[in-house]
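K.L.:
Have a look at the structure that comes next, please.
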Amino acid sequence: VEKEESVVENIEQEVVEVDGIVSGCEYLNVREESSKDANILCVIGVNTVLKVDLSSDTETNEFYKVITPNGVKGYCMKKFITIN
């Protein structure tokens with residue numbers, strides 16, 4: 001019996017990171033996934049500066065993929081982040 005090899009294409013996605021700042025709310029949840037029902041990883045305060053990943057594969061209609069100043073990677077609602 002021959003074992004089939006699966007071919008995986010290595011496509012490098014360009015990561016586009018910009019600074020964003022928490023605004024429009026006192027505290028913002030950083031979630032595990034891009035869903036309002038996803039687990040909360042941490043909570044950050046207003047005026048916190050985040051790294052926001054604008055790569056097409058990470059952005060959704062309502063959420064940005066972010067990295068907090070403490071290095072937590074997760075998702076935050078777009079409406080509470082102002083891009084500089």
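The values are calculated or read from the model by the stated rules, or taken from the named source; none is laboratory data. Values in this document were obtained by computation on a predicted structure and should not be read as measured data. Cβ sites come from the backbone with ideal geometry, for glycine too, and all protein chains shown count toward neighbours. Please note that ligands, DNA and RNA were not included when accessible areas were found on the heavy atoms of the full protein model with its side chains. Shrake-Rupley method; radii C 1.70, N 1.55, O 1.52, S 1.80 Å.
K.L.:
For the subset of the range 55-69 comprising residues that are modelled with pLDDT of 95 or more and assigned to a loop (DSSP other than H, G, I, E, B), which member is nearest to residue 25 (Cα to Cα)?
P.N.:
Looking at the filtered set, the residue picked out is 68.
K.L.:
Quick check on residue 40: is it in contact with a Phe, Trp or Tyr (Cβ under 9 Å, 6 or more places away or on another chain) and open to solvent by 40 Å² or more (accessible area, probe 1.4 Å)? Show your work before the answer.
P.N.:
Working: in contact with a Phe, Trp or Tyr (Cβ under 9 Å, 6 or more places away or on another chain): no; open to solvent by 40 Å² or more (accessible area, probe 1.4 Å): yes.
In short, no.
K.L.:
Here's something else I'd like to know. Select from the range 13-54 the residues that are aliphatic (A, V, I, L, M) and assigned to a strand (DSSP E or B) and list them in ascending order.
P.N.:
18, 21, 22, 28, 30, 40, 41, 43, 44, 49, 50, 52, listed by residue number.
K.L.:
Given the criteria out of contact with any Ser or Thr (no Cβ under 9 Å at 6 or more places or on another chain) and basic (Lys, Arg), does residue 73 qualify?
P.N.:
Judged against the criteria, residue 73 is a match.
K.L.:
Taking interchain pairs and intrachain pairs at least six residues apart, which have beta carbon atoms under 7 angstrom, with the first residue in the range 31-47 and within 13 Å of residue 65 (Cβ to Cβ) and the second in a loop (DSSP other than H, G, I, E, B) and open to solvent by 80 Å² or more (accessible area, probe 1.4 Å)?
P.N.:
Pairs that qualify, where the first residue is within 13 Å of residue 65 (Cβ to Cβ) and the partner is in a loop (DSSP other than H, G, I, E, B) and open to solvent by 80 Å² or more (accessible area, probe 1.4 Å), are 31/39; 32/39; 38/32; 41/32.
K.L.:
Listed residues 12, 32, 26; which is modelled with pLDDT under 95 and either open to solvent by less than 50 Å² (accessible area, probe 1.4 Å) or not polar (S, T, N, Q) (or both)?
P.N.:
12
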